Amino acid sequence: MGKSLSKNLSSSNSSYSERTFTSSKQTSLSTISTNSRSNSFLNKRVSSFSIKSSSKWSLATSLPKNTPPSNSIFSITAPNTPGTPRNPFIDSSDYFNININNNDLSSEYKFIDGRRFHNIDSVKYFLPNDELEMDRLKTLHYILHNVFQSNFSSPVNEILKIGGAEILDLGCGPGAWLLDMAETFPKSNFTGVDLTNTLIGNDDMSKNIKFIKGNVLDGLPFKNSTFDYVFIRNLSYGFSEQDWKDVINELIRITKPGGWIELMEPEFKARDYGQITIYLNDAFIKDLQSQNICINITTKLEQFLIDTKQIDRVFHDEKSINCGSWAGRLGELVCEDFIMIMSAIKPRLSQIIGVNHDDYDQLLKSIPDEMNECKSSFINHRFWAQKLFPI
């Protein structure tokens, strides 16, 4: 496995509070019971990761497929009483501050070890953007929905039900959150923003969904005070500390006074993990640090929001998410998610730790057993805050 590897290995329930950080160990879940969309997806979920575990369960139940889950799982019938109908892929001059030219953003990709990645110099985000990654993100959506028992924590349920509300999902990815929310609240309008339009192909997408291609670090193409509710999650892999400050200021700008902003990000540091898992995770963290990516953003988001001087209070919720078959089917999916991330960055991380791809794959095979033995878990955080009205 390499000298450098053996040397390094030898050395080496929920609560929320206002402006406080609390910790709680979540009871393991052996079954998954959320909404019908979640159950349908997770029951049909077939791993597209090819490494098999020596433990009682296996990550691979069939040959790998670089395809997303069945379209029937994500198809949404157009609502009977939607908000103001909008063409989901055409911009409206009364809605946006500027005209969008999609050619301003590179439409080209780069391919590494059979995976497709963004090819935009200013973008630090280094995970793939292919169908296999979209499949992972859809699964992660339902994992998080189950763990938090909701799609959001901000007190916006009533305004979304009444209708006419404008909601932004920044970094929408495959649109799992966006589609879920648009189906649940058909009278409100939902806009997704991402570097790549992965919503194309959803032929039955609700009429209350719109997609805009864009990069938040270049500024969002919306007028001031456009949205009643702004949601963002899983972007920790792409931002430096200064980027986060700029992003939060931009979110504040486009949120209406009295509107809500919600951010959801994981901790990077492993908890209760075995030697190999910690070894890979620590190498991953060091690589992120070398790219100036903020690895401890969950300890800073609250203060960044307060520093804008346009937030009165920040609420915080955190969950401990168990990993491995010891925690039931949900734990299996969480373990698989971690391994798929580690597999996606294999070309880079294998070089960093000094092993070839075959040895790297052998390391990944050990992770499920380690997580079961150590009763592993990781922490995910939600922060939500209301924009102040001007005095």
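Quick notes on this one:
- Loop sites in region 298-353: trypsin sites (Lys or Arg not before Pro), DSSP, at most 10 other Cβ within 10 Å: Lys309
- Here the 3J(HN,Hα) profile of region 292-297, calculated from phi with Karplus coefficients 6.51, -1.76 and 1.60 at θ = phi - 60°, is 6, 8, 6, 8, 10, 5 Hz, Gly and Pro shown as x.
- Cut-off 10 Å between beta-carbons: net charge of the residues surrounding Val193, Lys and Arg +1, Asp and Glu -1: 0
- Global geometry of region 146-302, whether rounded, prolate or oblate, following the gyration tensor of its Cα atoms and the 1.5 cut on a/c: prolate
- Separation of the alpha carbons by more than 22 angstrom is noted, of Lys124/Lys300; Lys213/Lys286; Lys110/Lys213; Lys269/Lys309; Lys223/Lys300; Lys213/Lys387, for Lys213/Lys286; Lys269/Lys309; Lys223/Lys300; Lys213/Lys387.
- Our note on the geometry: Cα centres of region 225-259 and region 333-391, 24 Å apart.
- Restricting region 168-260 to trypsin sites (Lys or Arg not before Pro) that sit in a DSSP loop and have at most 14 other Cβ atoms within 10 Å of their own Cβ leaves Lys223.
- Rounded, prolate or oblate (a/c below 1.5 giving rounded, otherwise prolate when a/b exceeds b/c) for region 257-378 by Cα gyration tensor: oblate
- Stretching Glu241 away from Lys309 to a fully extended chain increases their span by 22.7 nm, per 0.36 nm per residue minus the current alpha-carbon distance.
- Histogram of C-alpha separations across region 195-265, 5 Å bin width, %: 3, 13, 22, 25, 20, 12, 4, 1
- Each other residue within a Cβ distance under 11 Å of Ala270 adds +1 if Lys or Arg and -1 if Asp or Glu, for a net charge of -2.
Bear in mind these aren't lab numbers, they're just calculated from the coordinates by the rules spelled out. All values reported here derive from a predicted model rather than from experimental measurement. In this analysis, Cβ positions are derived from the backbone assuming ideal geometry, glycine residues included, and neighbour counts consider all displayed protein chains.
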